[in-house]
Ligand SMILES: C[S@@+](CC[C@H](N)C(=O)[O-])C[C@H]1O[C@@H](n2cnc3c(N)ncnc32)[C@H](O)[C@@H]1O
Ligand code: SF4
């Protein structure tokens, strides 16, 4: 039996947010039904009863945009084709603008036990500016429905560095979430992605972004505020109360294997990384024509050295970093023997530190993580 995670991609949204370049479509609802039946076929094609599924993550796009019965069909298909752990973490992403009381009840009843809700900010003006389909009141209602349905394990996504955002907005957003006792909070730094509406708006000076120094200040402010309130900073962008860390993402950062189903679904299996096509039409047609192999592109077949580099890169995302003993158990080599040059350079630059049996980012490394990744790419 091999422990794995499963990711399922739902590439549909009600409306495209101005900053987002995830693979998601807002004008292809006519393909939802076909897409779900192709997803089920892909799950059957890759069936493996020797795979023990520890976590399922249904992401997007907006899984809460499509009918709950489709999500249930997908979960049932996974259960039939894999060995699902009785205590599996089953997460689903949800946009407050698509949540209903009945929908939340359905998700809980079908076995979803963790929600990841996109809020971004509690400031309604900013929500409008970035193209979100909901306001803060609707978010509060969503939390109320989720709790009533039985959900306890809840993440809320927030963003920093947003147009016209200031430190008081961050404070208000975080205090709101702390008061609601949300057990897991993600704090993402806005990335201006190429070819997004926000990129154009920024170029045309329609919106003004906080400068880099302010953005870093926001990050450290958020970190301090959350830590003061009992959250553990366990990954660059993630904070959780004691037992609420996301198992699925932690497994990914620990280089555990996973299967990704659907458009743009990424997989890591037998030291190989591969990804499905981002074209919804190709994905559906290839599965219908029994040519699933055409959907899959191998990105990387890893040598042992590549695996070790990636293990460092992923592991250093965690605040505890890479455990030296675990590295040696996994690879039969010492970190310092394999990466002497890289470790020495990063130690000299004060970007990493050795902390007992762990090597981890310093405060400077948290701000300049890109320089650390460069050493292991
Ligand atoms: C798939 S969405 C979450 C679920 C749902 N689609 C929603 O938006 O409510 C994943 C999260 O990624 C983050 N994100 C997306 N684009 C980003 C960007 N350009 N920069 C930083 N964070 C981004 C947002 O916080 C978003 O909530
Ligand atoms: S942020 Fe979420 S809702 Fe907005 S376009 Fe991206 S996936 Fe869709």
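Read-outs: derived from the displayed coordinates by stated rules, not from any lab. Bear in mind that the values here come from a model prediction, so they are computed numbers and not experimental data. Cβ placement follows ideal geometry from the backbone for every residue including glycine, while neighbour counts extend to all protein chains displayed.
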Item to check | At 1.002 mPa s and 20 °C, Stokes D of the stretch 131-170 from Kirkwood alpha-carbon radius, µm² per second | outcome: 176 µm²/s
Checklist entry - Helix-derived [θ] at 222 nm for the chain: sum -39500 (n - 2.57) over DSSP H runs of at least 4, divide by residue count, nearest 500? => result -12000 deg cm²/dmol
Checklist outcome for this item: In terms of the alpha carbon gyration tensor, root eigenvalues a ≥ b ≥ c, rounded if a/c is under 1.5 and otherwise prolate when a/b exceeds b/c or oblate, the stretch 145-287 is oblate
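Could you compute the FRET efficiency for residue 299 and residue 69, with r as their C-beta to C-beta distance and R0 at 25 Å, rounded to 0.05? Please report the intermediate quantities before stating the final value.
Values: r = 33 Å, r/R0 = 1.34.
With a Förster radius of 25 Å, E is 0.15.
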Checklist entry - Dividing the alpha-carbon radius of gyration of the chain by 2.2 N^0.38 Å (N being the number of residues), what value is obtained? => result 1.00
Checklist outcome for this item: Contact order relative to length for the chain, counting C-alpha pairs under 8 Å separated by 6 or more residues, stands in percent at 15 percent
Next on the checklist: Suppose R0 equals 25 Å. What FRET efficiency, 1/(1 + (r/R0)^6) with r the Cβ-Cβ distance, do residue 204 and residue 224 give to the nearest 0.05?
Outcome noted: 0.10
Checklist entry - Label-point separation (nm) for residue 345 and residue 41, each offset 7 Å from Cα along Cα-to-Cβ? => result 4.8 nm
Item to check | Full-stretch length increase - residue 101, residue 178 - with 0.36 nm per residue and alpha-carbon distance subtracted | outcome: 25.4 nm
Next on the checklist: Just to be sure I understand the model, the point goes 7 Å from the Cα along the line to the Cβ. What's the resulting residue 27 to residue 192 distance in nm?
Outcome noted: 2.6 nm
Next on the checklist: Nearest 5 percent is fine: what portion of the DSSP beta bridges confined to the stretch 2-253 is antiparallel?
Outcome noted: 15 percent
Item to check | Rounded FRET efficiency, nearest 0.05, which uses the C-beta distance separating residue 76 from residue 374 and R0 of 35 Å | outcome: 0.20
Checklist outcome for this item: Expressed in nanometres to one decimal, the distance between label points 7 Å along Cα→Cβ at residue 214 and residue 168 is 1.3 nm
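Applying a 10 Å radius around every beta-carbon, put 154-161, 56-63, 124-131 in order of their mean neighbour count, most first.
The densest-packed peptide leads the list: 56-63, 154-161, 124-131.
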